[in-house]
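The values are calculated or read from the model by the stated rules, or taken from the named source; none is laboratory data. All of these numbers come straight from a predicted model, not from anything done at the bench. Neighbour counts run over all protein chains shown; Cβ positions are idealised from the backbone, glycine included.
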Amino acid sequence: EAGVAQSPRYKIIEKRQSVAFWCNPISGHATLYWYQQILGQGPKLLIQFQNNGVVDDSQLPKDRFSAERLKGVDSTLKIQPAKLEDSAVYLCASSSLRGGLWEQYFGPGTRLTVT
Amino acid sequence: GENVEQHPSTLSVQEGDSAVIKCTYSDSASNYFPWYKQELGKRPQLIIDIRSNVGEKKDQRIAVTLNKTAKHFSLHITETQPEDSAVYFCAASRRGGADGLTFGKGTHLIIQP
């Protein structure tokens, strides 16, 4: 089966500009996650969707970050305006229940550099 | 919320020796503990996981142990090979992994030839 797809793979913007990332989960995966991975750290959960509803967005900086999953499949994550500290890799993951167990699979990520 | 501590941050072992990475978690409701391997510039890859209803799980050269009472779990890699060199992350989650993961800060494993 195809994996989680993300685009773009790389993005360089200036601070105060806006940027959007796109994710297409593994087919049939109802749950989708966005993580932020700052260099040298573990991924940090930003938001979790179940179909097109938000399950957890407690760590999403809502003054500048937004995310949507309108049709319960693809998702977009937006930052507006960007700050220098937003430089990170943004990872999308999706999960499914298999044999009674959940497993999360990650996409390749979008590396964002804010200058 | 959950907090996951991971040690050591860097681990260097001779090829063929064993490597052990340890993690502790704070939320007693966490019941799913995966380990991910991340090579430079690549996505995290799930290598093994354990649920709270078992104490140990093994897959070839990789094993994970869980002590629910002490709230710690460990990754054991035996007969290490050069391709094992990477950053390893432990994580914890509620609801059997359906919830988002809380990750440790990672261990950079270096296999010396």
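Quick notes
- Summed over the stretch B:82-104, the residues that are over 10 Å from the mean Cα position of the chain (by Cα), in a loop (DSSP other than H, G, I, E, B) and under 20 Å from A:SER58 (Cβ atoms) give a count of 5.
- Test: residue in the stretch A:7-25 that is in a strand (DSSP E or B), within 14 Å of chain B (Cβ to nearest Cβ) and closer than 21 Å to B:THR102 by Cα: yes
This table checks each residue for (1) more than 12 Å from the chain's Cα centre (by Cα); (2) surrounded by 13 or more Cβ atoms within 10 Å (Cβ to Cβ).
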site	(1), (2)
A:CYS23	no, yes
A:GLN50	yes, yes
A:ARG64	yes, yes
A:LYS71	yes, no
A:LYS83	yes, no
A:ALA88	no, yes
A:SER96	yes, yes
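- Scanning the stretch B:44-70 for residues that are in a loop (DSSP other than H, G, I, E, B), of a type in the set (Lys, Arg) and at pLDDT 95 or above turns up just one, B:ARG61.
- Count - residues of the stretch B:86-98 that are buried (at least 24 other Cβ atoms within 10 Å of the Cβ) and either acidic (Asp, Glu) or more than 9 Å from chain A (Cβ to nearest Cβ) (or both): 1
- Residue satisfying all of: in the stretch A:52-62; within 14 Å of another protein chain (Cβ to nearest Cβ) and assigned to a loop (DSSP other than H, G, I, E, B); surrounded by the most Cβ atoms within 10 Å (Cβ to Cβ) among these: A:LEU60
- Applying the set (1) surrounded by 15 or more Cβ atoms within 10 Å (Cβ to Cβ); (2) at pLDDT 90 or above; (3) over 18 Å from A:GLY40 (Cβ atoms) to A:TRP102 leaves exactly one unmet item: (2).
- Residue list for the stretch B:38-68, restricted to those being among the basic types (Lys, Arg) and out of contact with any Ser or Thr (no Cβ under 7 Å at 6 or more places or on another chain): B:LYS42, B:ARG43, B:ARG51, B:LYS57, B:LYS58
- Test: residue in the stretch B:62-85 that is touching a residue at least 60 places away in the same chain (Cβ under 8 Å), of a type in the set (Ser, Thr, Tyr), crowded, with 17+ Cβ neighbours inside 10 Å and within 12 Å of chain A (Cβ to nearest Cβ): no
- Residue match in the stretch A:78-94 (condition: of a type in the set (S, T, N, Q), touching a His at 6+ places or on another chain (Cβ under 9 Å) and either within 29 Å of B:TYR32 (Cα to Cα) or more than 11 Å from chain B (Cβ to nearest Cβ) (or both)): yes
- Within the stretch A:63-86, being part of a loop (DSSP other than H, G, I, E, B), of a type outside the set (Asp, Glu) and within 19 Å of A:PHE106 (Cα to Cα) holds for A:ARG69, A:GLY72, A:VAL73.
- Cβ-Cβ distances below 8 Å connect the following pairs, each with a first residue in the stretch A:87-101 that is part of a strand (DSSP E or B), a second residue that is at pLDDT below 80, and a separation of six or more residues or different chains: A:SER95/B:GLY97; A:LEU101/B:GLY96; A:LEU101/B:GLY97.
- Boolean, A:LEU45 is in a strand (DSSP E or B), buried (at least 21 other Cβ atoms within 10 Å of the Cβ), in contact with a Phe, Trp or Tyr (Cβ under 6 Å, 6 or more places away or on another chain) and without any contact (Cβ under 8 Å) to a residue 60 or more places away in the chain: yes
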